[in-house]
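Peer 1: I'd like to ask some things about the structure below.
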Amino acid sequence: MRQNSIRHRKSFIVWHAILIVLFFVPFIPLLAWSLAKGWRFPDLLPTVSWRAWHYVLSPHSQVKDAIIHSLGLAAATSLLAALIAYPAARALGLYVKRWGKTIRLLLIAPLLLPGISIAIGVHVLFLKLGLADRWLGVLLSHLIQAIPYAVYLMHGFYAGYDIGYEKQVRLLGANRLQTFYFVELPLLRPVLSLSLLFSFLISWSQYLVTVFVGGGNLVTVPMLLFSSLASGDNSLVGALCMLFVMPALLIVIFSAMALKKDRYDGSYNGTCNGSFDGKEAGGAEPIH
């Protein structure tokens, strides 16, 4: 029995190591090209040069502003998408019994259309509304892409959510805010983390709608990356690709660690014991 457990643990570690290596392999050529002055056949390794990184990190390049714009848009998109998707997903999962499939189909309609069609349509509409070439307009165009994903993720949670937890807590004297904080939020947290992660990545990688709606006034990291591709400078493309991938990669890693922690914690802190402040339900005191 112990030998089987040790063998299973070794197999688990080996497969995880293989997956981690496969995950990082695509980034090795990008890192090599970002440090290459020249890399011609039959050279096995490139000639090392920091020229591309000096340019990317220099104050004269637009990289710093592009990263700030991209991070600001992605953070605002992820937070707003979660705030907008929460009541919609809760209503669809708990209260809407008729036309639920039709409403969900309408929600994912923006995802079924070609991106160029959405970008042109949104640009024309925002020109009439005076939102074109503005940061707010770009943010709203990113939300159009992110909200359907957020609603769908949360709807899956609320479709299997037992609202009886909340009713029991309300009977003990909790108000709506306490019920949300002590009961609903711990259960929702893993799905909410995924929703924030998806929305962030969707906004971070947007190119077409940013170009159309932003009109070139708002420069983001994907826009710099596409413009560098046309230049044919592989070192610069490699450095920008690393900058483009790195924030998203860090967020994915930290989100995965948080989800793993929630999984082992059970996400029931203070709720499964039938109390909010560490007291058992049998001797519970009303929450004021």
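Peer 1: Restricting to Cα pairs below 8 Å that are 6+ residues apart, what does the relative contact order work out to for the chain? Please round to a whole percent.
Peer 2: 27 percent
Peer 1: Compute the acute angle (0 to 90°) between the alpha-carbon long axis of helix 221-231 and the principal axis of greatest extent of the alpha-carbon atoms of the chain; round to the nearest 10°.
Peer 2: The angle comes out at about 20 degrees.
Peer 1: Also, quick follow-up: For the chain, with a Gaussian network of springs between Cα atoms less than 10 Å apart, report the residue from 257, 242, 154 with the top mean-square fluctuation.
Peer 2: Highest fluctuation of the listed residues: 257.
Peer 1: While we're here: Around residue 36, which amide H atoms from residues at least 5 apart in sequence, or from another chain, sit under 5 Å from its own amide H, with H modelled in the peptide plane?
Peer 2: Here 49 satisfy the definition.
Peer 1: Also, quick follow-up: Mind checking the angle between helix 234-265 and the chain's longest principal axis? C-alpha axes, 0 to 90 degrees, to the nearest 10.
Peer 2: Approximately 10 degrees, to the nearest 10.
Peer 1: Now for a different question. Rank 81, 230, 66 by mean-square fluctuation in a GNM of the chain with C-alpha springs under 10 angstrom and give only the top-ranked residue.
Peer 2: Greatest mean-square fluctuation among the candidates belongs to 230.
Peer 1: Can you pull the one-decimal nm distance between simple spin-label points at residue 96 and residue 8, each 7 Å off the Cα toward Cβ?
Peer 2: 4.2 nm
Peer 1: What spacing in nm lies between the two simple spin-label points modelled at residue 49 and residue 170, each 7 Å away from Cα in the Cβ direction?
Peer 2: 6.8 nm
Peer 1: Probe radius 1.4 Å, ligands and nucleic acids left out: which of 51, 189, 104, 7 has the largest accessible area, and how do the rest follow? Let's see the in-between values first.
Peer 2: Numbers: 51 120, 189 90, 104 50, 7 140 Å².
I get 7, 51, 189, 104, largest accessible area first.
Peer 1: Further question on the same structure: With a 1.4 Å probe and all protein chains kept in place, how much accessible area does residue 102 have, in Å² rounded to the nearest 10?
Peer 2: About 70 Å², rounded to the nearest 10.
Peer 1: Same structure again: Got a number for the accessible area of residue 167? Probe 1.4 Å, square angstrom, nearest 10.
Peer 2: It works out to around 130 Å².
Peer 1: Further question on the same structure: Tell me, what is the percent relative contact order of region 93-193, built from C-alpha pairs under 8 Å that lie six or more residues apart?
Peer 2: Value for region 93-193: 34 percent.
Peer 1: Please work out how much accessible surface residue 252 shows to a 1.4 Å probe, ignoring ligands, DNA and RNA, in Å² rounded to 10.
Peer 2: 50 Å²
Peer 1: Once phi is turned into θ = phi - 60°, what whole-Hz ³J(HN,Hα) does the Karplus curve with 6.51, -1.76 and 1.60 give for every residue of region 4-21, x standing for Gly and Pro?
Peer 2: In residue order, the calculated couplings are 4, 5, 5, 5, 5, 5, 5, 4, 4, 5, 5, 5, 5, 5, 4, 5, 5, 4 Hz.
Peer 1: With springs only between Cα atoms under 10 Å apart, run a GNM on the chain and tell me which of 141, 231, 11 wobbles the most.
Peer 2: 11
Peer 1: Then there's this: Tell me the Kirkwood hydrodynamic radius of region 111-245 in angstroms, computed as one over the mean inverse distance between distinct C-alpha pairs.
Peer 2: On the way: mean 1/r = 0.0564 Å⁻¹.
Result for region 111-245 stands at 17.7 Å.
Peer 1: Something else about it: Helix-only estimate, please: 222 nm mean residue ellipticity of the chain, summing -39500 (n - 2.57) across DSSP H runs of length 4 or more and dividing by its residues, to the nearest 500.
Peer 2: Per the formula, -23000 deg cm²/dmol.
The values are calculated or read from the model by the stated rules, or taken from the named source; none is laboratory data. Remember, predicted model here, so these are calculated numbers, not experimental data. Reconstructed Cβ throughout: ideal geometry from the backbone, glycine too, with neighbour counts over all protein chains shown. When the accessible area is computed, the model is the full protein with side chains, heavy atoms only, and any ligands, DNA or RNA have been set aside. Shrake-Rupley method; radii C 1.70, N 1.55, O 1.52, S 1.80 Å.
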